[in-house]
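*Asks:* Shown below is the structure under consideration.
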Amino acid sequence: MAFATGSGKGKPMADINVTPLVDVMLVLLIIFIVTAPIVTYPIEVDLPQRVINPPPQLREPPPPIDLRIDASGQVNWNNSPVATTELQAKMENEVQRDPTNQPELRIDANPDAQYDVMAKVLAAAKNARMQKIGFVQQQ
C-alpha cells in the first residue's frame with residue numbers, strides 16, 4: 001500500500017511506509033539489550049606479571065622430568081613406565097624436594113594418545129602444585 005490516492009485530486013501519493021522498518025529495528029534493539037549482559041561476564045585468567053629486576057638465579061635448576069605418553073596410553077617417567085595412579089605421588093615428591101626450584105615437567109604425548117590419559121596427567125600435575133609444565137613434540 002505504498003500508493004494511495006490523495007485528497008480527491010486523483011494523484012497517487014508516493015510515501016514510504018516505515019512501520020515495518022520501525023518494527024524490525026525495535027526487535028533488533030530488544031535482542032541486543034537482552035544479549036549484551038551475556039558478553040560482559042569476566043573470565044578470570046592468571047597472567048604472568050612483569051618483573052623489572054628479577055632475582056638472581058643462584059641455584060642450578062634440577063634436571064627436567066620427561067613424561068612420555070604413547071598411543072596405547074602408557075605413561076613413561078624418564079623412560080621408565082609408571083601407572084597414572086602413581087603420578088601424583090611422584091610429582092609431589094619432586095615438588096617437596098625444593099618448592100622454590102622445581103624441575104620442569106616436559107610432556108610428550110603421541111598424537112594418537114587418548115585425551116583421558118592426558119587429562120589425568122595434567123590433573124596430577126595441578127594437584128601436586130607443579131609450576132613448570134611444558135609440551136614437546138618429538139619427531
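The values are calculated or read from the model by the stated rules, or taken from the named source; none is laboratory data. Please read all numbers here as calculations on a predicted model, not as lab measurements. Virtual Cβ from ideal backbone geometry, glycine too; neighbours counted across all protein chains shown.
*Asks:* Filter the strands (runs of 3 or more DSSP E) completely within region 16-89 down to those with at least 1 residues that are exposed (fewer than 10 other Cβ atoms within 10 Å of the Cβ) and out of contact with any helix residue (DSSP H, G or I) (no Cβ under 9 Å at 6 or more places or on another chain).
*Replies:* By residue number, 80-82.
*Asks:* Within region 100-108, does at least one residue satisfy the condition of being modelled with pLDDT under 90 and loosely packed, with under 10 Cβ neighbours inside 10 Å?
*Replies:* Checked against the condition, which is being modelled with pLDDT under 90 and loosely packed, with under 10 Cβ neighbours inside 10 Å, region 100-108 yields at least one hit.
*Asks:* Does region 119-138 include one or more residues that are among the small types (Gly, Ala, Ser), exposed (fewer than 13 other Cβ atoms within 10 Å of the Cβ), in contact (Cβ under 8 Å) with a residue 12 or more places away in the chain and part of a strand (DSSP E or B)?
*Replies:* First, the residues of region 119-138 that are among the small types (Gly, Ala, Ser): 119, 123-125, 128, 134.
Cutting the leftovers down to exposed (fewer than 13 other Cβ atoms within 10 Å of the Cβ) gives us 119, 134.
Cutting the leftovers down to in contact (Cβ under 8 Å) with a residue 12 or more places away in the chain gives us 134.
Subset that is part of a strand (DSSP E or B): 134.
Looking for residues that are among the small types (Gly, Ala, Ser), exposed (fewer than 13 other Cβ atoms within 10 Å of the Cβ), in contact (Cβ under 8 Å) with a residue 12 or more places away in the chain and part of a strand (DSSP E or B), one finds at least one in region 119-138, hence yes.
*Asks:* Another question, then. Applying the selection to region 90-118, what residues are within 16 Å of Pro64 (Cα to Cα), in a helix (DSSP H, G or I) and among the charged types (D, E, K, R)?
*Replies:* Within region 90-118, Lys90, Glu92, Glu94, Arg97 meet the criteria.
*Asks:* With modelled with pLDDT of 90 or more and among the charged types (D, E, K, R) as the only criterion, which of Glu86, Glu60 stands out?
*Replies:* Every option except Glu86 fails the conditions.
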